[in-house]
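K.L.:
Take a look at the following structure, please.
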Amino acid sequence: MLAHQIMSRHVVTVGVDASVADAIAIMLGHHVSGLPVVDAAGRLVGIVSEGDFLHRAEIDTERKRGRWLSFFAGTDRLALDFARSHGRRVGEVMTRNPLTIGEDTPLADIVDIMETHKVKRLPVMRGDSLVGMVTRTDFLPAVARLARRTVSKGAAPDDDRIRELVIAAMADAPWRPCAMNVDVQDGIVSLRGSVRSDKARQAAIVAAENVPGVSKVKDDLTIYPAPEDEYGGGDFASLPEETSTVDDQPL
């Protein structure tokens, strides 16, 4: 999927010379946590968000640094902090030169940008024109819609096929259960075997739940000591196998 398929097209903006009070009123009135900031020609020049109003002189939350921290922060940083905590106009508190994306930016790239730069919203541009906004919230309807489509898509496979698919879903996973046994009856999957942790257990259950035709997953997995704890490293595939012997000779 691409940005234009999930973005909000009706974007509320605020002018760079608007007052801080006006910007907050717009955010509260439209139930949004951030606004693109535009200049007199309508060009995007910044972003203002609820985070920009956390450290404010009005509520006595501006950044206060001791003498040594002030020294290491530097004059420019201190000046910027002062302007943002005391600024009266949007242009004085906004984040300048915001990150932007195009209409055809893939969702995977959008997620990478948001996580790497720790941002919650990205303006969508067509050339120099602002045409939309993607926020974290915009991902939710897409996930819900596709999740419903996945559940309802196609005829359910039979139990033997479900079993094959469950095993294949975890075949190359580093967290896969050791000595896994999969049993399927009427779409209900029973998982038995050993896992390293509760996280590995949850991953195995989720992998099985995502196989078409699975109606329920019964968890009979047990926590096994990690190989490095008992055998000094490696993965579950390298655990020693028990060999039955008679008079110390392999059968």
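Only the coordinates and a few stated rules stand behind these numbers; no lab work does. This is a predicted model, so every value here is computed, not measured. Cβ placement follows ideal geometry from the backbone for every residue including glycine, while neighbour counts extend to all protein chains displayed.
K.L.:
Using amide H atoms built 1.01 Å from N in the peptide plane, name the residues 5+ places from V45, or on other chains, whose amide H lies under 5 Å from its own.
P.N.:
Residues meeting the amide H criterion: V37, V38, D39.
K.L.:
Run a plain Debye calculation on the stretch 1-40 (Cα atoms as equal point scatterers, no solvent) and give log10 I(q)/I(0) at q = 0.15, 0.20, 0.35 Å⁻¹, rounded to two decimals, same order as the q list.
P.N.:
-0.41, -0.64, -1.21
K.L.:
Something else about it: With the Cα gyration tensor of the stretch 3-142 in hand, give its eigenvalues times 5 under a square root as the equivalent ellipsoid semi-axes, listed largest first in whole angstrom.
P.N.:
Each semi-axis is √(5λ); the values are 29, 18, 14 Å.
K.L.:
Considering only the other residues whose Cβ falls under 15 Å of the Cβ of K218, what net charge follows from Lys and Arg at +1 and Asp and Glu at -1?
P.N.:
Here the charged neighbours net out to -2.
K.L.:
Through the Karplus equation 6.51 cos²θ - 1.76 cosθ + 1.60, θ set to phi - 60°, convert the phi angles of the stretch 208-213 into ³J(HN,Hα) values in whole Hz; use x for Gly and Pro.
P.N.:
Result, rounded to whole Hz: 5, 4, 7, 6, x, x.
K.L.:
Name the lysines eligible as straight-distance cross-link partners of K199: C-alpha to C-alpha under 18 Å, and not fewer than 8 places from it in the same chain.
P.N.:
Once the sequence-local lysines are set aside, what remains near K199 is K218.
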